[in-house]
1. Among the residues of region 58-93, write down those that are in a loop (DSSP other than H, G, I, E, B) and surrounded by 15 or more Cβ atoms within 10 Å (Cβ to Cβ).
2. Identify all residues within region 94-114 that are assigned to a helix (DSSP H, G or I) and open to solvent by 10 Å² or more (accessible area, probe 1.4 Å); write none if there are none.
3. Identify all residues within region 1-30 that are farther than 21 Å from Pro105 by Cα, part of a loop (DSSP other than H, G, I, E, B) and open to solvent by 50 Å² or more (accessible area, probe 1.4 Å); write none if there are none.
4. For region 85-94, indicate whether the set of residues that are of a type in the set (Asp, Glu) and within 19 Å of Gly127 (Cα to Cα) is non-empty.
5. So, Leu41, is that one on the phi < 0 side of the Ramachandran plot and touching a Leu at 6+ places or on another chain (Cβ under 7 Å) or not?
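The values are calculated or read from the model by the stated rules, or taken from the named source; none is laboratory data. Keep in mind that this is a model prediction, so the values were computed, not measured. Cβ atoms come from the backbone with ideal geometry, glycine included; neighbour counts cover every protein chain shown. These area figures cover heavy atoms from the full protein model, side chains too; ligands, DNA and RNA do not enter into them. Shrake-Rupley method; radii C 1.70, N 1.55, O 1.52, S 1.80 Å.
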Amino acid sequence: MTALPPKLEAVVNMFQKSPKAFRLQALLDFSKRVPPLPEHLKDNHDQMEQVHECQSPFFLFSEVEDGKVHLYFDAPPEAPTVRGFAGILLEGLQGATPEEILNVPDDFYFNMGLTELITPMRLRGMGAILTRLKKQLSA
C-alpha cells in the first residue's frame, strides 16, 4: 500500500487504535474543525465543485500555491458526518503536495474503523470527495 502523507497517517492511526465509541466522537470533533469559507468563496459556490454523491450538499475547492495544496470545504452544520470527513481530509492533507494527495489510496478510510459506525452510502461520499479532489489536482 502506498504510504499516506504523515498527517493523514496520524489521523488514520488514531482512529484505528481507538474504541468504537471514541471513533464516533472523534468524527464529530473533526466536523467542528472545518473553518468557514474565506470571503472569496463564501457566497460563490459556483467557483466550487459540488460532490453530488454526498447525501448532504457538499462543496469543494482546492488550489496549489508554492507546491502545497490548500483545501476549502463547505457543508451544512446539520451534516456532521460529511463535515467530519472534510475535517479529516483537511487535517490530513492541508499543505501536502499534489503528488502526495494523488497517491493516497482511494479506500484509505476503510482502515479507520468507520465501517462499524457509518453506512456504506455515507462512506462512499468520503470516497467521492477524495476522487473529486484528485481530479481537481490532476487537471
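1. Phe58, Ala75, Ala79
2. Going residue by residue through region 94-114, those that are assigned to a helix (DSSP H, G or I) are 98-102, 108-112, 114.
Correct list: Pro98, Glu99, Glu100, Leu102, Tyr109, Phe110, Asn111.
3. The one that is farther than 21 Å from Pro105 by Cα, part of a loop (DSSP other than H, G, I, E, B) and open to solvent by 50 Å² or more (accessible area, probe 1.4 Å): Pro19.
4. The answer is yes, given that some residue of region 85-94 is of a type in the set (Asp, Glu) and within 19 Å of Gly127 (Cα to Cα).
5. Values: on the phi < 0 side of the Ramachandran plot: yes; touching a Leu at 6+ places or on another chain (Cβ under 7 Å): no.
In short, no.
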